[in-house]
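Colleague: Let me begin by handing over the structure; questions about it come next.
The values are calculated or read from the model by the stated rules, or taken from the named source; none is laboratory data. Just so you know, these numbers come straight off a predicted model, no measurement behind them. Note that each Cβ is placed from the backbone with ideal geometry, even for glycine, and that neighbours are counted across all protein chains shown.
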């Protein structure tokens, strides 16, 4: 029990981030018209591409060649997620803009 | 100095993600919101490359490799995204989502041997294992979703006791994951077994779900990838990854629920519901539908619409597949010239994704205010002379209101049967995506205009011009 309490206290900043981010996420999506669901999903898809930062860190840190190869692959995949995600979203939203 | 600067960059990036996502919730600001997010992402990526302190001298080769990987990813991602047709957008989102999941899984795979060697704490190990599992599930699930939407994989495969098998498998997966955390020493190769199991679970999870529900699944997998990114953020104590990941995780979950709400089905029903099975029994009862199918010729359709006061067009996936969005705009123009009021009735899940039809019709410059959402247009059908249903089926199936045994029972539909005449353009009498019969086609007020949407509509336009 004591261990758990200390662990929570030690990681309280992390818990703050988690809880507040969840609320922000819920808040940000609330009351979005159905029409925008697809672009929004696509936009959120691009944002989780931030995982690429982790892949870059792996490449900067690793000292093994296997790590380097897998990291290289991970950075390519992450870039696909980021670039593809943002470009597709932009193309969808461009359609919305033309109307007026 | 360098690392403090990096922290500030991550802070900026996190804020751009939040603002960007918020702005994407409004049609006017959406495009700028997306750009703001992209700028924040670029900052975070460049900041990491140049300012991250990995604890040892990084060789030039590494930098070259990083930029090489980014260049390859950018070129492929950009080209695919720019070239893809509007109808293929949902598949592509799924595919890119899978890439993100794979990226998260790979990070776990690389970090694991290192962590096992140095005896990393429980927290770090938990992040690695969770990131690997969630990322892999998201990857293989997204690929299956992609194949389903693409038509490569057509049937929903559902064995008997499928949910049971899946749930037992999921438990086994978590138990095996927990073993990595608890056991004193685990052979390094075991991580590959975990990887394979996770990949397999992603397939098992997605494969029984029908194609019509794929948007919901993609949205769910999208939030999974968000979580996977967040675990990476905890591992590296990286704020940009944490906020970005959790943000997408929670926003994605809410979006998933919103989509389910639009279809009036609980999420559990989408994932565990035996949609395919009940659809089969549903078509069995389809024989009880009375009445007969009535054909209509192009010229009759043209005359009917020409002398109507008000025409409502109900677009569906068939319109998208046939790429008939420009022809339909032409039809709209012709009718409007003759004083006919034309509107489009947009069902929340028309097409393969919410908003799919809006995007498609906006491409052919259909005015925004002509696209009317379901709740607003439903009362108008009673005062409508002609409804033209183009390639839509399940969203106009009265069984959703009248037949409790129907798998789509309870889904709100467009009340097209209240109109004077209903013309349904379809390629054949085949059932729609849900695989069920539609009694609307047997309604005495309904006439069927068989043929490819683009082809039939072009003929209709030509015919109208002669009138």
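Colleague: Quick check, is residue B:97 outside the structural domain of residue B:350 (by TED's automatic domain parsing), part of a helix (DSSP H, G or I) and in contact (Cβ under 8 Å) with a residue 40 or more places away in the chain? It would help to see each step written out before you state the result.
Modeller: Values: outside the structural domain of residue B:350 (by TED's automatic domain parsing): yes; part of a helix (DSSP H, G or I): yes; in contact (Cβ under 8 Å) with a residue 40 or more places away in the chain: yes.
Answer is yes for this residue.
So that you can scan it fast, the table gives a plain yes or no per residue for (1) more than 25 Å from residue B:224 (Cβ to Cβ); (2) buried (at least 23 other Cβ atoms within 10 Å of the Cβ):
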site: A:20; (1), (2): no, no
site: A:29; (1), (2): no, yes
site: A:39; (1), (2): no, yes
site: A:53; (1), (2): no, yes
site: A:59; (1), (2): no, yes
site: A:62; (1), (2): yes, no
site: A:70; (1), (2): no, no
site: A:78; (1), (2): no, yes
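Colleague: Restricting attention to the range B:20-48, which residues are more than 9 Å from every other protein chain (Cβ to nearest Cβ) and either under 14 Å from residue B:244 (Cβ atoms) or touching a strand residue (DSSP E or B) at 6+ places or on another chain (Cβ under 9 Å) (or both)?
Modeller: Listed by number, the residues that qualify are B:36, B:39, B:43.
Colleague: So, one more: Would it be correct to say that residue B:197 is within 14 Å of another protein chain (Cβ to nearest Cβ), in a helix (DSSP H, G or I) and surrounded by 15 or more Cβ atoms within 10 Å (Cβ to Cβ)?
Modeller: Details: within 14 Å of another protein chain (Cβ to nearest Cβ): no; in a helix (DSSP H, G or I): yes; surrounded by 15 or more Cβ atoms within 10 Å (Cβ to Cβ): yes.
So residue B:197 fails the test.
Colleague: When you go through (1) within 13 Å of another protein chain (Cβ to nearest Cβ); (2) modelled with pLDDT under 90; (3) more than 22 Å from residue A:37 (Cα to Cα) one by one for residue B:180, which number turns out not to apply?
Modeller: (1)
Colleague: Being more than 26 Å from residue A:65 (Cα to Cα), outside the structural domain of residue B:199 (by TED's automatic domain parsing) and without any contact (Cβ under 8 Å) to a residue 12 or more places away in the chain is the requirement here; does residue B:79 meet it? Give the derivation first.
Modeller: On the way: more than 26 Å from residue A:65 (Cα to Cα): yes; outside the structural domain of residue B:199 (by TED's automatic domain parsing): yes; without any contact (Cβ under 8 Å) to a residue 12 or more places away in the chain: yes.
So residue B:79 passes the test.
Colleague: With the checklist (1) under 26 Å from residue B:210 (Cβ atoms); (2) at pLDDT 85 or above in hand, flag the one item residue B:447 doesn't pass.
Modeller: Single failed check for residue B:447: (1).
Colleague: For the range A:66-77, state whether one or more residues are closer than 30 Å to residue B:27 by Cα and in contact with a helix residue (DSSP H, G or I) (Cβ under 6 Å, 6 or more places away or on another chain).
Modeller: Applying the first criterion (closer than 30 Å to residue B:27 by Cα) to the range A:66-77 yields A:77.
Within this subset, residues satisfying the condition of being in contact with a helix residue (DSSP H, G or I) (Cβ under 6 Å, 6 or more places away or on another chain) are A:77.
Checked the range A:66-77: at least one residue is closer than 30 Å to residue B:27 by Cα and in contact with a helix residue (DSSP H, G or I) (Cβ under 6 Å, 6 or more places away or on another chain).
Colleague: In addition: For residue A:92, are the conditions met, namely being at pLDDT below 95, at the interface with chain B (Cβ under 7 Å from one of its Cβ atoms) and over 19 Å from residue B:132 (Cα atoms)?
Modeller: Details: at pLDDT below 95: yes; at the interface with chain B (Cβ under 7 Å from one of its Cβ atoms): yes; over 19 Å from residue B:132 (Cα atoms): yes.
Against the criterion (at pLDDT below 95, at the interface with chain B (Cβ under 7 Å from one of its Cβ atoms) and over 19 Å from residue B:132 (Cα atoms)), residue A:92 qualifies.
Colleague: Moving to a separate point now. State yes or no: is residue B:15 within 7 Å of chain A (Cβ to nearest Cβ), in a helix (DSSP H, G or I), surrounded by fewer than 16 Cβ atoms within 10 Å (Cβ to Cβ) and under 31 Å from the mean Cα position of the chain (by Cα)?
Modeller: Details: within 7 Å of chain A (Cβ to nearest Cβ): no; in a helix (DSSP H, G or I): yes; surrounded by fewer than 16 Cβ atoms within 10 Å (Cβ to Cβ): yes; under 31 Å from the mean Cα position of the chain (by Cα): yes.
Taking the combined requirement at face value, the residue does not satisfy it.
Colleague: Then there's this: Can you name every residue in the range B:49-94 that is in a helix (DSSP H, G or I), more than 8 Å from every other protein chain (Cβ to nearest Cβ) and within 19 Å of residue A:90 (Cα to Cα)?
Modeller: From the range B:49-94, those in a helix (DSSP H, G or I) are B:49-51, B:60-83, B:86-94; that's our starting set.
Narrowing the set further to residues that are more than 8 Å from every other protein chain (Cβ to nearest Cβ) leaves B:50-51, B:60-61, B:63-64, B:67, B:71, B:75, B:79, B:83, B:87-88, B:91, B:94.
Answer for the range B:49-94, where residues must be in a helix (DSSP H, G or I), more than 8 Å from every other protein chain (Cβ to nearest Cβ) and within 19 Å of residue A:90 (Cα to Cα): B:75, B:79, B:83, B:87, B:88, B:91, B:94.
Colleague: For the condition more than 12 Å from chain A (Cβ to nearest Cβ) and more than 12 Å from residue B:86 (Cβ to Cβ), what is the one hit in B:366, B:349, B:372, B:387?
Modeller: Details: B:366 fails: more than 12 Å from chain A (Cβ to nearest Cβ); B:349 fails: more than 12 Å from chain A (Cβ to nearest Cβ); B:372 fails: more than 12 Å from chain A (Cβ to nearest Cβ).
Exactly one residue qualifies, and that residue is B:387.
Colleague: Can you go through B:155, B:148 and tell me which one is modelled with pLDDT under 90, under 25 Å from the mean Cα position of the chain (by Cα) and outside any helix (DSSP H, G or I)?
Modeller: Values: B:148 fails: outside any helix (DSSP H, G or I).
Among B:155, B:148, only B:155 is modelled with pLDDT under 90, under 25 Å from the mean Cα position of the chain (by Cα) and outside any helix (DSSP H, G or I).
Colleague: Let me ask something else about it. Which helices (runs of 4 or more DSSP H) sit wholly inside the range B:370-467 and have at least 1 residues that are within 21 Å of residue B:304 (Cβ to Cβ)? Spell out how you get there, then give the answer.
Modeller: Working: elements: B:374-377, B:399-402, B:453-466.
The qualifying helices (runs of 4 or more DSSP H) are B:374-377, B:453-466.
Colleague: Let me ask another. List, please: which pairs have Cβ atoms under 9 Å, are six or more places apart or on different chains, and start with a residue in the range B:411-436 that is outside the structural domain of residue B:453 (by TED's automatic domain parsing) and at pLDDT 90 or above and end with one that is outside any strand (DSSP E or B) and surrounded by fewer than 17 Cβ atoms within 10 Å (Cβ to Cβ)?
Modeller: Sorted first by the residue in the range B:411-436, then by its partner, the list stays empty.
Colleague: Is one or more of the residues making up the range B:453-463 more than 27 Å from the chain's Cα centre (by Cα), assigned by TED's automatic domain parsing to the domain that holds residue B:296, within 20 Å of residue B:327 (Cβ to Cβ) and without any contact (Cβ under 8 Å) to a residue 24 or more places away in the chain?
Modeller: Checked against the condition, which is being more than 27 Å from the chain's Cα centre (by Cα), assigned by TED's automatic domain parsing to the domain that holds residue B:296, within 20 Å of residue B:327 (Cβ to Cβ) and without any contact (Cβ under 8 Å) to a residue 24 or more places away in the chain, the range B:453-463 yields at least one hit.
Colleague: Residue B:356: surrounded by fewer than 20 Cβ atoms within 10 Å (Cβ to Cβ) and touching a helix residue (DSSP H, G or I) at 6+ places or on another chain (Cβ under 9 Å), yes or no? Walk me through how you get there before you give the answer.
Modeller: Values: surrounded by fewer than 20 Cβ atoms within 10 Å (Cβ to Cβ): no; touching a helix residue (DSSP H, G or I) at 6+ places or on another chain (Cβ under 9 Å): yes.
Answer is no for this residue.
Colleague: So residue B:225 passes all but one of these: (1) within 14 Å of chain A (Cβ to nearest Cβ); (2) surrounded by fewer than 24 Cβ atoms within 10 Å (Cβ to Cβ). Which condition number does it fail?
Modeller: That leaves (2) as the condition not met.
Colleague: For the condition touching a strand residue (DSSP E or B) at 6+ places or on another chain (Cβ under 9 Å) and over 16 Å from residue B:236 (Cβ atoms), what is the one hit in A:34, A:38, A:6? Break it down stepwise before answering.
Modeller: Working: A:38 fails: touching a strand residue (DSSP E or B) at 6+ places or on another chain (Cβ under 9 Å); A:6 fails: touching a strand residue (DSSP E or B) at 6+ places or on another chain (Cβ under 9 Å).
Of A:34, A:38, A:6, the one residue that is touching a strand residue (DSSP E or B) at 6+ places or on another chain (Cβ under 9 Å) and over 16 Å from residue B:236 (Cβ atoms) is A:34.
Colleague: For the range B:13-34, enumerate the residues that are over 23 Å from residue A:34 (Cβ atoms) and out of contact with any helix residue (DSSP H, G or I) (no Cβ under 6 Å at 6 or more places or on another chain).
Modeller: B:15
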